[in-house]
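Heads up, the thing below is written out as structure tokens.
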Amino acid sequence: MALRLIKILPPRNFTYRDQIINEEDVVDHWIEINEGRKSIHVLADVELTEKILQDFESKFSSSDDYRIVLFPVEATLPPQRSEEEEEENQIAAEDNQEENRVKRISREELYEDIKEVVDFSWVYFVLIALSCVVAANGLIRDSAAMVIGAMVIAPILGPNVGLALATTLGDKWLLKRSIRSIIYGFSLGMVLSIVMGIFLQINPDVYEINSRTTVSFADIALGLAAGVAGCLSFTRGISAAVIGVMVAVALLPPMVATGLLLGSGMYEMALGAALLTVTYIICVNLAGVVTFLLQGIKPQSFRQRREGEELSRYAIIIWLSLLFVLALIIYYQYF
């Protein structure tokens, strides 16, 4: 069972009452006093942290003089036993409280994790450049190992998941940042790939390139699977590097193939690779928005929730419409 430590610094004028913490939601809790100010420490299952955070935010809603900090917990002694977990789950089910277990990390933790990987630093652009160079070499030499290495390097996961989360929450700041990160990253990758295509000898018949110049319905399935896997990796607190490879499978190689073929003057094949890239982008983002919605990720306030629902609805309609157009293109291409 993954645990989180929540440290709460309540408002200085906050009056402590009985039952400030729901005992059924926590593993343990204690109060410390430092320089005359009390702090509440709560150890809880990661799946209940969002409910606990919401409870405290509602208690402190009339004041800005408070701070809540969330820490990941590697281990505790004594450890939580599986028998205890089963007993807790059984009690929760009997009390009709299973709905409180959202089966994911809290919205606040998820937001901070994704905000960190929607990057504009020089490291982001260096990694984009390096991944394109490695991917181009892998495509030209028909080396699957090199292409996989480029997938590991590519920081493509963060901005796309950030776009899906921003759409779900109606967060315009994160939405703009994610779009800019995607545009800058793909622009840099395309320019580098085109330049390499101009100066390097490209053989379009090698498997690693040729296989990415056509689009099929199987590619739609791959893109949707990559989007779901990428979002689930964040909501479950799994390292982005693990699942980032799967998302890069969908996005990086066809993008680099598009640039290489454009630089070599093979425009018809480049169009097919570009269409494949666009297909994956649409599928990844559509799957991401739907995954977040199904997991119950939504803004806390009523006004933000309305904006988030409206933006999510528009996004799903747009992505579905584009996907339908692509499906028609694929259908007429093969049939």
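The lone criterion from (1) in contact with a helix residue (DSSP H, G or I) (Cβ under 8 Å, 6 or more places away or on another chain); (2) in a helix (DSSP H, G or I) left unmet by Asp142 is number (2).
Using the structure shown, decide if Ser211 is more than 30 Å from Arg306 (Cβ to Cβ), in the same structural domain as Glu309 (by TED's automatic domain parsing) and surrounded by fewer than 19 Cβ atoms within 10 Å (Cβ to Cβ). In short, yes. Within the option set Ile297, Ile316, being in contact (Cβ under 8 Å) with a residue 24 or more places away in the chain, farther than 30 Å from Ile202 by Cα and in a loop (DSSP other than H, G, I, E, B) holds for one residue only, Ile297. Considering (1) loosely packed, with under 12 Cβ neighbours inside 10 Å; (2) modelled with pLDDT of 80 or more; (3) hydrophobic (A, V, I, L, M, F, W, C), the lone condition that Ala93 does not fulfil carries the number (2).
Farther than 25 Å from Val147 by Cβ, out of contact with any Gly (no Cβ under 9 Å at 6 or more places or on another chain), modelled with pLDDT under 80 and surrounded by fewer than 20 Cβ atoms within 10 Å (Cβ to Cβ) - does that describe any residue in segment 241-264?
Applying the first criterion (farther than 25 Å from Val147 by Cβ) to segment 241-264 yields none.
No, the conditions are met nowhere in segment 241-264.
Identify, by number, the condition in (1) over 20 Å from Ala129 (Cα atoms); (2) of a type outside the set (Asp, Glu); (3) modelled with pLDDT of 90 or more that Ile281 doesn't meet. Looking at each condition in turn, Ile281 falls short on (1). Look at Met151 and say whether it is over 30 Å from Arg313 (Cβ atoms) and free of Cβ contacts under 8 Å to residues at least 60 places away in the same chain. No, not satisfied. Tallying residues that are at pLDDT below 85 and assigned to a helix (DSSP H, G or I) within segment 116-129 yields 2.
Condition check ((1) buried (at least 20 other Cβ atoms within 10 Å of the Cβ); (2) in the same structural domain as Glu310 (by TED's automatic domain parsing); (3) closer than 19 Å to Val118 by Cβ) across all residues:
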{"residue": "Asp142", "(1), (2), (3)": "no, yes, no"}
{"residue": "Ile148", "(1), (2), (3)": "no, yes, no"}
{"residue": "Leu157", "(1), (2), (3)": "yes, yes, yes"}
{"residue": "Ile183", "(1), (2), (3)": "no, yes, yes"}
{"residue": "Val215", "(1), (2), (3)": "yes, yes, no"}
{"residue": "Ile220", "(1), (2), (3)": "no, yes, no"}
{"residue": "Ala226", "(1), (2), (3)": "yes, yes, yes"}
{"residue": "Cys231", "(1), (2), (3)": "yes, yes, yes"}
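Quick one: how many residues across segment 159-181 are within 13 Å of Tyr111 (Cβ to Cβ), of a type in the set (A, V, I, L, M, F, W, C) and crowded, with 23+ Cβ neighbours inside 10 Å? Adding up the residues that qualify gives 5.
The values are calculated or read from the model by the stated rules, or taken from the named source; none is laboratory data. Since the structure is predicted, the reported quantities are computational estimates derived from the model, not experimental observations. Here the Cβ is made from the backbone with ideal geometry for all residues, glycine too, and neighbour counts use every protein chain on show.
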